[in-house]
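To keep things clear, I will list the structure first and then write my remarks on it.
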Amino acid sequence: MSRAAIVGWAHSPFGKLEDPDVESLIGRVAADALVHAGVAPADVDAITVGVYNNGFSKQGFEASMVALAVPELAYTPATHMENACATGSAAIYSALDFIESGRGRIALVVGAEKMTGIPTAAVGDVLLSGCYRKEEAEVDAGFAGIFGRIAQHYFQRHGDRSEELAMIAAKNHRHGLANPLAHMRKDFGFDFCNTVSDKNPRVAGPLRRTDCSLVSDGAAALVLADEETAMSLARAVRFRARQHVNDFLPLSRRDPIAFEGARRAWTKAREDAGIAIDDLDLVETHDCFTVAEMIEYEAMGLAAPGEGWRVAREGQSSRGGRLPVNLSGGLKSRGHPIGATGVSQHVMAAMQLMGEAGEMQLDGAALAGVFNMGGAAVANYVSILERLK
């Protein structure tokens, strides 16, 4: 089967933005992505829009907003996708299915979220809609509390790994210095990340503020095309493999530190691509919390179960290490506007493969992995990307 390819993109800054709503954020990137791809609006066969919302805004029906930014797209089919923190990847995969089924040649994908327009306490409650409320809604500190519990389980089984979590946080903030689009471009250093203080208090369980991703606004967009069309355009990054694997929503139904759905998605994607983990040049992974990145090292095959902390301690995931992870700064530094995150991760990987990553650029990057998850490793998406042209 012919695989679709990324042929263009656009990306807003992430952070606390002046843009008043999701509509304005979509407007930042939709037209620019088409210009970057060299594609006219008339050539777009479908639009998918990833916005989580669930209370961030009273305005829904986000798929209709792309045409407000690009009026020429008014009669193009547009669909809204939502899959918790994997909303952006869900939108991408829907567009890929559309193209690879032969229903069209070109699709526009937009991911966006306006998170800072409501009070901080309300943000926590909105995010809890990504957990199993029947069992987990009363956990202190919201979604951070969910991952605080995951960290506690990990520590009980494999020892206190607070230092390694601080190493992951420091690494991602250090990488993020090179990303002009990142929400938090500051090198906090290991000592600050590893020390509980007024500026870095405990948030939930063993997790400190520096172990938690940011509440961000932002948008990102991709233009996808079939291979034949892609080869006629200026750039093409092919999906060599992609997998989506789900797991049980309630943590009570599974081993909370196994991330089994993520492991299965990575295994299937590597098999489909015909590669080993060491064939990858870089990975953009879902570090909503530092403990998530540590367990994801195990899920992707960088470490055996219970030994993901070694990857951080030995510098394997740093620039210059065995497999650089989150050269963009990840969710920790780049930011985590829910609907935009999965799209952003794919943009960051595509930039690397096309040699367009600026100060973030890794020399010789030819094969990249992307992991985006919804909930606590419930919806797991893995993409293996390679430059086609």
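A few points about this structure:
- Cut-off under 5 Å, modelled amide H: who pairs with Gly8 long-range: Val223
- Under the Karplus curve 6.51 cos²θ - 1.76 cosθ + 1.60, θ = phi - 60°, whole-Hz ³J(HN,Hα) for region 376-389, x wherever Gly or Pro sits: 7, 6, 8, 9, 10, 10, 10, 10, 10, 10, 9, 6, 9, 8
- Alpha-carbon Debye profile of region 92-209, log10 I(q)/I(0) at 0.19, 0.20 Å⁻¹: -1.14, -1.17
- Solution diffusion estimate, µm²/s, Stokes-Einstein, region 157-196, Kirkwood Rh from C-alpha pairs, 4 °C, viscosity 1.567 mPa s: 121
- Percentage, to the nearest whole number, of Cα pairs in region 211-356 over 26 Å apart: 28
- Enclosed volume per residue, in Å³, of the convex hull spanned by Cα atoms of the chain: 121
- Percent of C-alpha pairs per 10 Å bin, region 149-274, short to long: 10, 24, 32, 25, 8, 1
- Cross-link pairs beyond the 27 Å C-alpha cut-off, checked among Lys114/Lys332; Lys268/Lys389; Lys134/Lys186; Lys134/Lys332; Lys16/Lys199: Lys134/Lys186; Lys134/Lys332
- Taking N as the residue count of region 186-239, its C-alpha radius of gyration divided by 2.2 N^0.38 Å amounts to 2.06.
- Over every Cα atom in region 17-176, the radius of gyration and the widest Cα-Cα span, Dmax, amount to 19.2, 57 Å.
- Lys/Arg +1, Asp/Glu -1 at C-beta; region 243-380 dipole; positive extreme among His286, Ala365, Gln316: His286
- Share, in percent, of DSSP beta bridges within the chain that are antiparallel, nearest 5: 75
- For Thr79, residues with placed amide H under 5 Å, excluding near neighbours: Ile47, Thr48, Val49
- Here, region 83-140 has an Rg and a Dmax of 16.2, 48 Å when only alpha carbons are counted.
- Helix axis angle, 162-176 relative to the chain longest principal axis, alpha carbon, degrees: 30
- Cα-centre dipole for the chain with unit charges at Cβ (Lys and Arg positive, Asp and Glu negative), debye to 20: 460
- Here the 3J(HN,Hα) profile of region 268-281, calculated from phi with Karplus coefficients 6.51, -1.76 and 1.60 at θ = phi - 60°, is 5, 5, 4, 5, 5, 7, x, 10, 9, 4, 6, 7, 6, 8 Hz, Gly and Pro shown as x.
- About its Cα centre, region 37-112 has a charge dipole of approximately 120 debye under the convention of +1 per Lys or Arg Cβ and -1 per Asp or Glu Cβ, with nothing else charged.
- Exposure proxy order (Cβ contacts within 10 Å, fewest to most) of Tyr52, Tyr75: Tyr75, Tyr52
- Residue of Met231, Met354, Met373 that the Gaussian network model of the chain assigns the largest fluctuation, springs spanning Cα pairs under 10 Å: Met231
- Taking Ser252, Ser328 and counting other C-beta atoms within 10 Å, the order from fewest to most: Ser252, Ser328
- Between 0 and 90 degrees, the angle of helix 290-300 with respect to the longest Cα principal axis of the chain falls at about 70 degrees.
- For the chain, calculated [θ]222 nm from helices alone, where every DSSP H run of n ≥ 4 adds -39500 (n - 2.57): -10500 deg cm²/dmol
- Selection among Met167, Pro77, Ala122 by position relative to the dipole of the chain gives Met167 as farthest towards the positive end (Cβ unit charges, Cα centre).
- When each of Asp226, Asp217 is scored by the number of other beta-carbon atoms lying within 10 Å, the sequence from fewest to most is Asp226, Asp217.
- Val203 long-range amide H proximity, modeled H, under 5 Å: Arg208, Arg209
- Kirkwood Rh, Cα atoms: Rg over Rh of region 280-388: 0.93
- Debye intensity ratio in log₁₀ form over the Cα atoms of region 328-389, taken at each q of 0.18, 0.27 Å⁻¹: -0.66, -1.22
Here, each number is a calculation from the coordinates, and none is a lab measurement. Bear in mind the structure is a predicted one, so any value in this text is a computation, not a measurement. Cβ atoms come from the backbone with ideal geometry, glycine included; neighbour counts cover every protein chain shown.
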